[in-house]
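K.L.:
This structure is in structure tokens; I'll ask about it shortly.
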There are 2 protein chains.
Amino acid sequence: MGEKIIRVNMSTLTTAVEAVPADWVGLGGRALTSTIIAAEVPPTCEALGKYNKLVFAPGLLTATAAANSGRLSAGFKSPLTGGIKESNAGGTAAQNLEKLGIKALIIEGVPQEEKWYSIHINKEGVTIKEDAEYLGKGNYELFKEIGEKMGKKIGVLAIGPAGEFRMAAANISVKDPDGNIRSHGRGGGGAVMGSKKIKYITVDDAGGPGVTLADPEKFKEQSRIFAKAMLDYPVTGHGLPTYGTNIMVNIVNEAGAFPVKNFRSGCWEHAEKISGETMHDVIVSRNGKPSHGCQAGCIIKCSQVYNDADGNFVTAGFEYETIQLLGANSLIGDLDIIAKCDWAMDDIGIDSIEGSVVINVAMEAGILSWGDGEGTYRLINEEIRMGTPLGRILGNGAGSVGRSFGITRVPVVKNQAIPAYDPRTIRGFGITYATSTMGADHTAGYAIATNILRIGGFVEPLKNEGQVDLSRNLQVATAAVDSTGLCLMVAFPALDVPECFTAIYEMINARYGLSLTANDVVELGKYVLKTERDFNQRAGFTSAHDRLPEFFEEPLPPHNIGWDFKGEEIDEFWNF
Amino acid sequence: MGEKIIRVNMSTLTTAVEAVPADWVGLGGRALTSTIIAAEVPPTCEALGKYNKLVFAPGLLTATAAANSGRLSAGFKSPLTGGIKESNAGGTAAQNLEKLGIKALIIEGVPQEEKWYSIHINKEGVTIKEDAEYLGKGNYELFKEIGEKMGKKIGVLAIGPAGEFRMAAANISVKDPDGNIRSHGRGGGGAVMGSKKIKYITVDDAGGPGVTLADPEKFKEQSRIFAKAMLDYPVTGHGLPTYGTNIMVNIVNEAGAFPVKNFRSGCWEHAEKISGETMHDVIVSRNGKPSHGCQAGCIIKCSQVYNDADGNFVTAGFEYETIQLLGANSLIGDLDIIAKCDWAMDDIGIDSIEGSVVINVAMEAGILSWGDGEGTYRLINEEIRMGTPLGRILGNGAGSVGRSFGITRVPVVKNQAIPAYDPRTIRGFGITYATSTMGADHTAGYAIATNILRIGGFVEPLKNEGQVDLSRNLQVATAAVDSTGLCLMVAFPALDVPECFTAIYEMINARYGLSLTANDVVELGKYVLKTERDFNQRAGFTSAHDRLPEFFEEPLPPHNIGWDFKGEEIDEFWNF
């Protein structure tokens, strides 16, 4: 295939091009990044030290004509959780890497000197450049200027001030086609990139070899089936394109799983103020974009551009989790101030899920008042951005805030913040949060699909029965999807529409000339989870870490049900 | 024996007196507190939550005429390490508890309301009093006023502002006979006491039953042998009484194990400025007390009272570890400013080992300059005391500072700071730091005794051979000594003088009418370590946590030797 591995060594400031080892040939995305981290990073190493690596890999279908296939996987040992981390994002970098024939970019070592660098990848190779030009600058300014200098199509990965400060909630931002921001959000990849003193990476695919298909006819046919299934399916064909992920507000609130005031209730009387339907109308009335794709080839377009009352840009890629956690869970019923906070977190380079739960816990600790939107914006845009002592506490995540202020109502698993779905009322999520190799992560096994949306069957959300099996099936499927380069949203039709699921592995077969079956997809997912868990066990994780925080034993209104899974019941998850 | 267990439940604000369960009858001190914590505290619970307990227990010989037997053991799940914690201290509380016939005080639960309390124990029983009088006050003021109100002999346990803030480096302070401060220093017991909203505890032994001896004649004889052995032995009879623990400066510097500038060298050209010999002369010239006992019945008197140039009190209980770490390891060659910092840490209620390494790491992070003594005092006495955001970062320990500022040169094991002996040059300490159930702790297995002082034999300090066995033997012996109520200093003669060792268990036999042998002492020590390790394993610890920080692989001048123990070699420790 002409594919290659690029290594960048920041200790020696050298680069190398390697052939793809035989073991890695059939892998892509999460399967590849997790394999490389598990093989090459000592599990007990310092996450911000010289032995950690930062690996980027496009998925198996990236840069083909397959719809929504442009996700980039980032792998590293997480400074937030202390375990393995895979975080994937849209944007332009994945497709550009793949078109250059780069199967993985592996960044190793840390510089000996206090100097900062940028990395530039194009058809000629890789260059490490000493580069302090954008230090201290936010992602929006960096992306705008790089786009102006190097062209709109350039792929860019960057860290904001949070990554420069090596904050554990720092993300790695990816430029989208319009210069807006997508993120490798979770787990502190930005801190790892900051520890290697890389402010940004550009990927220019001009003149690259591009992608060849083993069976172009079959690929065309299967990709057509795949796209049609997505467009015909209500969630991906209508719901997400119209309202974005924020369509979940009313659904989750109705289910009683809508975290309010740091997980004290599951239902909020002001939910309508921040709902997807409300947001859609606001965006339309202000000449924003209610629907926008984060990557070339996206047919769902769940992103959007949110303007202020004067029609000026405020933020883009404005997701349910951020809106819910800063909204109901902080008692801020004001989309405009939440949008400003979202912009600030993107610009500073903070995971907006971790950053939002940071605010919940800061309110719990009395650092600011419940419902204080302007105070929230100030904490993010002044304290975190400037790296003040309080900003360091906040920028290191919800667990850091809890420890610093000596409080125990801290919604984290493996020190990673729990997203905007209460695990007591969507109990499949509870199992996902508890067991995921990533720490608390809704994308690792999106249980609401089957617990509430009745996609891929139905498991009663309020009962313990069936949740472990559900979460296992979803986590296995997710690990496989994360390896393809496909956006996780494709799982909605794939779980319900047989020919959509078939099309995914048949596209891979057509791309590489393989003959994978449905079972191979499942086995790939299992392999990924087991590889990640093995790393975590070697890093010191045990089943004692596969637990929800103590306070979830409290009954949650309105269903008045607490978390009561026994440890041994949760541990059944790993019996496969 | 008429002994009893007192339970104080802070959730219900009730107290109870219980008979001693059969399993606990033969236990005291660390053996008892660790047994209770392991039996009654869920290992994965929140350390600052309602399921943690705080247990105090005098030792098996406490309040007898045995010299140096007045140590009090405190047990809890540590908010610093996340594992079990036993921290013991001198002062007056242990003897008073024992004289009241109290074998253990178990404090459970956390108050429902935002109110603070004090607890008062006397011959009538136990009282919980709502009490905000001393909130925000330092330990010195509290001890002085309580002593004036309740008499000089009163036993007092208290937390300073650090404990009120529930900082993970907060200690529990114990009043000594003169109103000075001893500390249950390590592991954040002050935060646990703060989480239970207890500012202080008084123990008044007036009219209590006192201690009875099963065989008074034998006890008298054995305690005489024991005391004579200590007085005749050079370390306990001359070195420690004359120079205090700070006698170690020249010895450790000579050995090349004297941490300099955050463990960058093992030898300091300015060591004389802070040595025990220098300190002795300064104290004498200023009418201080070069030798002072922290408890009734102490015959070593390694404490002291340090005055300023005008002859005014600055601090007491001024130990080698604090002086070394704030001195050489921070490049502050000034005993006077170090003494002020020591006073401030005692007054605020911060473990002065953790607090000193906090300063080392703060200098590493660029928060203040190397050698900045006044800046160090300001950080402690203003930032930590006031609980500012920076103070929260510092007050939560060296690991907290490292994480907050994204640095990796952080000398901690299990998140507890490494004390003032470099593990590369006294390699038995490396094994102790790595394997101790307590996190990095020199008192858990004081390897310098055999590695350098040639007490209890000799194991070459720079070689790996024999260190695992040495550390195991010392840790077993220490766990036993910590259960007797004897000060650990007695281990020096006990390791070398057979009749001294024999006298320890014969005094226990004479106290209780038992017939323990030397082997029983060893078995007790092993039981304690295994009980603690079992708790830690259930809390999620594995051998991955029994490792030194990565940076110790660097060769240390002047011996230029790095830490190169293999994991499996360290893990041999637990083969017993």
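K.L.:
Rounded, prolate or oblate: pick one for chain B, where a ≥ b ≥ c are the square roots of the eigenvalues of its C-alpha gyration tensor, a/c under 1.5 means rounded, and failing that, prolate if a/b is larger than b/c, else oblate. Each step should come with its number before you reach the end.
P.N.:
On the way: a/c = 1.30, a/b = 1.15, b/c = 1.14.
Because its axes are fairly even, with a/c under 1.5, chain B counts as rounded.
K.L.:
While we're looking at this one, here's another question. Count the net charge of all other residues whose Cβ sits under 13 Å from the Cβ of A:Ile337, scoring Lys and Arg as +1 and Asp and Glu as -1. Show your work: numbers first, answer last.
P.N.:
Working: positive: A:Lys273, A:Lys340, A:Arg378; negative: A:Asp308, A:Asp334, A:Asp336, A:Asp342, A:Asp372, A:Glu374.
Within the 13 Å Cβ shell, the charges total -3.
K.L.:
Go through B:Ala93, B:Gly194, B:Leu80 and say which Cα lies farthest out towards the positive end of the charge dipole of the stretch B:4-203; charges sit on Cβ, +1 for Lys and Arg, -1 for Asp and Glu.
P.N.:
So the residue furthest toward the plus end is B:Ala93.
K.L.:
Also, I was wondering about something else. Compute the distance from the alpha-carbon center of the stretch A:330-355 to that of the stretch B:1-41, in whole Å.
P.N.:
First find each Cα centre; the distance between them is then 49 Å.
K.L.:
Give me Rg/Rg_expected for the stretch A:5-113, where Rg uses Cα atoms only and Rg_expected = 2.2 N^0.38 Å with N residues. Numbers along the way, then the final one.
P.N.:
Values: Rg = 13.7 Å, N = 109, 2.2 N^0.38 = 13.1 Å.
Output field value: 1.05.
K.L.:
Please average, across the residues of B:386-394, the number of beta carbons from any other chain that are within 10 Å of each residue's own beta carbon, and give a whole number.
P.N.:
The shielding value for this peptide is 5.
K.L.:
So, one more: If every alpha-carbon in the protein assembly as shown counts as one equal scatterer, what log10 I(q)/I(0) does Debye give at q = 0.06, 0.09 1/Å?
P.N.:
Computed log10 I(q)/I(0) values: -0.49, -1.03.
K.L.:
With Cβ to Cβ distances under 9 Å as the rule, what net charge do the other residues near A:Phe76 carry (K, R +1; D, E -1)? Don't jump to the answer; show the numbers that get you there.
P.N.:
Numbers: positive: A:Lys53, A:Lys77, A:Lys85; negative: A:Glu86.
The answer is +2.
K.L.:
Quick one: which residues, 5+ away or cross-chain, put their amide H under 5 Å from the amide H of A:Ile350? H built at 1.01 Å from N.
P.N.:
A:Asn171
K.L.:
Using the Karplus curve 6.51 cos²θ - 1.76 cosθ + 1.60 with θ = phi - 60°, what ³J(HN,Hα) values do you get for each residue of the stretch B:71-83, in whole Hz, with x for Gly and Pro?
P.N.:
7, 10, 9, 10, x, 5, 7, 7, x, 7, 9, x, x
K.L.:
From the backbone phi of the stretch A:561-571, what are the Karplus-calculated ³J(HN,Hα) couplings (6.51 cos²θ - 1.76 cosθ + 1.60, θ = phi - 60°) in whole Hz, Gly and Pro given as x?
P.N.:
Per-residue couplings from phi come out as 10, x, 7, 9, 4, 7, x, 5, 5, 4, 5 Hz.
K.L.:
Show the residues, 5+ positions off or on another chain, whose built amide H is closer than 5 Å to the amide H of A:Val314.
P.N.:
The list, which skips near neighbours in sequence, is A:Tyr306, A:Asn307, A:Asp308.
K.L.:
Name the residues whose placed amide hydrogens come within less than 5 Å of the amide hydrogen of B:Ala417, ignoring near sequence neighbours (fewer than 5 apart) on the same chain.
P.N.:
Residues meeting the criterion, in which the H sits 1.01 Å from N, are B:Ala398.
K.L.:
Along its principal axes, what span do the Cα atoms of the stretch B:485-574 show, with the longest given first and each in whole Å?
P.N.:
52, 38, 20
K.L.:
Return the average number of partner chain Cβ atoms within 10 angstrom of each residue Cβ along peptide A:404-412. Let's see the in-between values first.
P.N.:
On the way: counts 13, 7, 18, 5, 11, 2, 1, 0, 0.
The per-residue average across the peptide is 6.
K.L.:
Right, here's the next one. When Lys and Arg each count +1 and Asp and Glu each count -1, what net charge do the other residues less than 10 Å away from B:Leu516, Cβ to Cβ, add up to? Walk me through the numbers before you get to the answer.
P.N.:
Values: positive: none; negative: B:Glu506, B:Asp520, B:Glu523.
Net of charged neighbours comes to -3.
K.L.:
What span do the alpha-carbon atoms of the stretch B:4-203 cover on each of the three principal axes, reported in whole Å from largest to smallest?
P.N.:
Ordered largest first, the stretch B:4-203 gives principal extents of 40, 40, 30 Å.
K.L.:
Here's another thing I want to ask about it. Return the equivalent ellipsoid semi-axes of the stretch A:225-334 as a descending list in whole Å, where each equals the square root of 5 times an eigenvalue of the C-alpha gyration tensor.
P.N.:
On the way: eigenvalues 120, 68, 21 Å².
Three semi-axes, in Å: 25, 18, 10.
K.L.:
Let me ask another. Hey, got the dipole for the protein assembly as shown? About the Cα centre, +1 on K and R Cβ, -1 on D and E Cβ, debye to the nearest 20? Don't skip to the end; give the middle numbers.
P.N.:
Details: 108 positive and 138 negative charges, 38 e Å.
That gives the protein assembly as shown a dipole magnitude of about 180 debye.
K.L.:
Please report the orientation-averaged projected area of the stretch A:110-239, defined via the convex hull of its C-alpha atoms, in nm².
P.N.:
Working: hull surface 42.9 nm².
The orientation-averaged projected area of the Cα hull of the stretch A:110-239 comes to 10.7 nm².
K.L.:
Spelling out what I want: for every residue of the stretch B:316-322, take phi, set θ = phi - 60°, compute 6.51 cos²θ - 1.76 cosθ + 1.60 (Karplus), and round to whole Hz; glycine and proline get x.
P.N.:
9, x, 9, 9, 3, 4, 5
K.L.:
Using all C-alpha to C-alpha distances in the stretch A:456-499, build P(r) with 10 Å bins and read off the rounded percent in each one.
P.N.:
25, 50, 23, 2
Every read-out reported here was derived from the displayed coordinates using simple, explicitly stated rules and does not represent laboratory data. Everything quoted here is computed from the prediction, not taken from an experiment. All Cβ positions, glycine included, derive from the backbone under ideal geometry; neighbour counts span all protein chains shown.
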